[in-house]
1. Less than 14 Å Cβ to Cβ from Leu60, Lys/Arg counted +1 and Asp/Glu -1: what total charge do the surrounding residues give?
2. Please list the non-local residues whose amide H lies under 5 Å from the amide H of Val72, H modeled 1.01 Å from N, same-chain partners needing a gap of 5 or more.
3. Take the Cα pairs of segment 27-75, get the Kirkwood Rh, then feed it into Stokes-Einstein at 20 °C and 1.002 mPa s and tell me D in µm²/s.
4. Taking H as built 1.01 Å from N, whose amide H comes closer than 5 Å to the amide H of Gly59, not counting residues under 5 places away?
5. Along the charge dipole of the chain, Cβ charges K/R +1 and D/E -1, which of Gly54, Leu81, Pro15 sits furthest on the positive end?
6. With +1 assigned to the C-beta of every Lys and Arg and -1 to the C-beta of every Asp and Glu, and no other charges, what is the dipole magnitude of the chain about the Cα centre in debye, to the nearest 20?
7. GNM on the chain, C-alpha springs below 10 Å: top fluctuator among Val72, Val53, Val21?
8. Can you tell me the relative contact order of segment 22-82? Whole percent, Cα pairs under 8 Å, sequence separation 6 or more.
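Only the coordinates and a few stated rules stand behind these numbers; no lab work does. If you're wondering where the values come from, they're calculated on a predicted model, not measured in any experiment. All Cβ positions, even for glycine, are placed from backbone atoms using ideal geometry, and neighbour counts span all protein chains on display.
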Amino acid sequence: MTTKTTYNPIKREIPTTMSIVAFIHCGMCLDEWKADDSLNSRLSPRDYTSYEVGYTALGLQVWCKRHEANVVHVDFQGLRLPGNTGME
Ligand SMILES: [Zn+2]
C-alpha cells in the first residue's frame, strides 16, 4: 500500500512588510564579524553581509557573495508555493 501526500495550500494574505522572525546568516561572515571589533562596533550583521537570493532548479537559494558559499538552499520538492513579489 502506498500513501500519496496531497498538498492543500492555505489561502492567506502574504505580507510585503518586513516579517522575518529569525535571520539567516552566512556562518563565515558572522564569525568574521564577531571576531573583528572594528567591524562589529560600526556595522550590524545586516550591513556586513552580502547575499544574492534566487530560484534554483530545486527551490530557492541564499548565496554569500563575500565567501562564494551557500547560506541556505531550500528544496521545494516540486511544490509550487504561493509567494508575493509585490512591493506594497
Ligand atoms: Zn559569508
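1. Combined, the nearby Lys, Arg, Asp and Glu give -1.
2. Sorted by chain and number, the residues that satisfy this are Val62.
3. Roughly 185 µm²/s, to the nearest whole number.
4. Phe76
5. It is Leu81.
6. Value, rounded to 20: 440 debye.
7. Val21
8. 27 percent
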